[in-house]
Amino acid sequence: MSDKATLTYGDQSLELNVVEGSESEKGIDIGSLRKETGLITLDNGFMNTGSCSSRITFIDGEKGILRYRGISIEDLCEHSNFVETSYLLLHDRLPTKEQAERFSGLLNRFSLLHEDMRNFLKYFPLDAHPMNILGTMVNALSSFYPNVSANSMDEEIDICGARLISKIRTIAAFAHKKSIGEPVIRPSKDLSYCSNFLNMMFSSSVSDYELDDEQVKALNVLLILHADHEQNCSTSTVRMVGSSQANLYASISSGIAALWGPLHGGANQAVMEMLAKIHESGDIHKYIEMAKDKSNNFRLSGFGHRVYKNFDPRAMVIKKYCQNVLNTAAGKDPLLETAMKLEELVLKDEYFVSRKLYPNVDFYSGLLYKAMGFPVEMYTVLFAIGRMPGWIAHWKELTSDPTAKIGRPRQIYTGYTERSYTPMAER
Ligand code: ACO
């Protein structure tokens, strides 16, 4: 017998189906509610509303679990790399050797930008934010590769996926070079995905960039950790736009716009800004006391999390694989030293310990990006590069679901009731 929930309103009573996921989480299917009772549900910010069923990512915030297609991020960061993890997200399975080679070949083939697209770059102002450039250029891809439909996507997922995953990296590096007024460095067929990106970012015709294995590993880990996080704001945006059958590139470009907001992808930048202030003041203790003071609304950015209440598994993984990169850079960068001191003090402080406030992924990701030499405006761009396979996987899942419907929430109207038009002379 399937589970039911009973909703009583006035003298009406309605039985609603309870659906269960593969990890035993349950949801009440309210699809028939309005038809049967005239009522809708109201859930500001979707705090308690499931928008879809999905096979892609599982999170258990209490236990600190994050798995893509069933495989834990710890396992992936230990054994995989960003390219293979991308394939896993797109396909629901790890690639065979041949499949992996084909996918890598496609990433290489699609890594160049159409020369006409490079011309777009010229006309952005020098101080244009790279997230703005990224969103605009990804949207423009629909003019260059117009034929991505739900059907072709199913047959050509490797091609559509590789094109976006590869080009976003080239666009990001070109946007950075544009912002510092240097000529672009083109992608190389001889470098892996992450090495290629670091080289395009930091190499120049007058100074070679020496790739460091630990940094390449750290970047792989960071991109894997950002690759998906189920129905967050930007992914829900991609699904919402995709639900109107808008094309893949337009849908993903909307996701980039959503990610840009400071409440979403911008948090790692807030951490660095806070650290700069603490460092300037020379008084860490003052900031810790301010964060504990209930009459002050200051909080330590990078500590605590809405979903992960015991620990953020992504932060733990970063610590495991990237500590050396941080340690090496800390000696040369006072901000990193401030960060490590702050972390040490907070983890011993009763206020933070009793409330289970641990460093979250944004605390470490910003520090690592800084340690690797990325400018602060590129932090959210790096998040977008990492999230690309997740967005594509969600778009594909949505558009290949025969039961999917256009996303169209309802509302409770709180404006005027009917009133008549007042002519201008009488207003
Ligand atoms: N500094 C000081 N105190 C904090 C902090 C913090 N960073 N975070 C939570 N607290 C305190 C709260 O004041 C509250 O104390 P109380 O119980 O005495 O009233 C208690 O801890 C619980 O906090 P809530 O606000 O109820 O926790 P919530 O789940 O609503 O908020 C959030 C989570 C928004 C992440 C919060 O911890 C915070 O503001 N952190 C700083 C911002 C940040 O790092 N954001 C990035 C999150 S990661 C990501 O989005 C990818």
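The values are calculated or read from the model by the stated rules, or taken from the named source; none is laboratory data. Just so it is clear, the structure is predicted and the values come from calculations on it, not from any experiment. As a convention, Cβ positions derive from the backbone with ideal geometry for all residues, glycine included, and neighbour counts pool all protein chains shown. Please note that ligands, DNA and RNA were not included when accessible areas were found on the heavy atoms of the full protein model with its side chains. Shrake-Rupley method; radii C 1.70, N 1.55, O 1.52, S 1.80 Å.
Odds and ends about this structure:
- Accessible-area composition of the stretch 308-401, carbon plus sulfur, in percent [1.4 Å probe]: 54 percent
- Convex hull per residue volume in Å³, alpha carbons only, for the stretch 176-232: 110 Å³
- In loop segments of the stretch 338-427 as defined by DSSP, the chymotrypsin sites (Phe, Trp or Tyr not before Pro) with at most 12 further C-beta atoms inside 10 Å of their C-beta are TYR413, TYR416, TYR421.
- Measuring only protein heavy atoms, the 1.4 Å probe finds SER32 accessible over about 50 Å².
- Selection among GLN323, ILE185, LEU88 by position relative to the dipole of the chain gives ILE185 as farthest towards the positive end (Cβ unit charges, Cα centre).
- For the stretch 270-427, relative contact order (Cα pairs under 8 Å, six or more residues apart, normalised by length) works out to 26 percent.
- Phi angles of the stretch 404-414 translate, via the Karplus equation with coefficients 6.51, -1.76, 1.60 and θ = phi - 60°, into HN-Hα couplings of 5, 10, 4, x, 8, x, 9, 8, 9, 6, 10 Hz per residue; Gly and Pro are given as x.
- Karplus (6.51, -1.76, 1.60) ³J(HN,Hα), θ = phi - 60°, over the stretch 186-195, in Hz, Gly and Pro reported as x: 7, x, 10, 5, 8, 10, 6, 3, 6, 4
- Computed about its Cα centre, the charge dipole of the stretch 28-77 is approximately 200 debye, with only Lys, Arg, Asp and Glu carrying charge at their Cβ.
- Take every Cα pair under 8 Å whose residues are at least 6 apart in sequence, average their separation, divide by the length of the chain, and the relative contact order is 20 percent.
- Each Lys and Arg adds +1 at its Cβ and each Asp and Glu adds -1 at its Cβ; summed about the Cα centre, the chain shows a dipole of about 660 debye.
- Excluding same-chain neighbours fewer than eight residues apart, the lysines reachable from LYS294 by a Cα-Cα span under 29 Å are LYS63, LYS277, LYS286, LYS309, LYS341, LYS348, LYS356.
- Considering only ILE412, ILE224, ILE59, the Gaussian network model of the chain with Cα springs below 10 Å gives its largest mean-square fluctuation to ILE412.
- The trypsin sites (Lys or Arg not before Pro) of the stretch 185-241 that DSSP puts in a loop, and whose beta carbon has at most 16 other beta carbons within 10 Å, are LYS189.
- Here is the list for the stretch 332-400: trypsin sites (Lys or Arg not before Pro) lying in DSSP coil, each with at most 16 other C-beta atoms within 10 angstrom of its C-beta, are LYS332, ARG355, LYS356.
- Separation between Cα centres of the stretch 349-394 and the stretch 182-253, rounded to whole Å: 14 Å
- Once backbone amide H atoms are built at 1.01 Å from N, PHE303 has ASN360 as its partners under 5 Å, excluding neighbours fewer than 5 places away on the same chain.
- Compactness of the chain as Cα Rg over 2.2 N^0.38 Å, two decimals: 1.08
- The stretch 39-140 - charge dipole about Cα centre, Lys and Arg +1 at Cβ, Asp and Glu -1, debye rounded to 20: 280 debye
- Heavy-atom accessible area per residue - the chain, 1.4 Å, Å²: 53 Å²
- Candidates VAL271, VAL353, VAL238: whichever shows maximal mean-square fluctuation once the chain is modelled as a Gaussian network with Cα springs under 10 Å: VAL353
- The stretch 61-117, accessible surface, carbon-and-sulfur percent (1.4 angstrom probe): 49 percent
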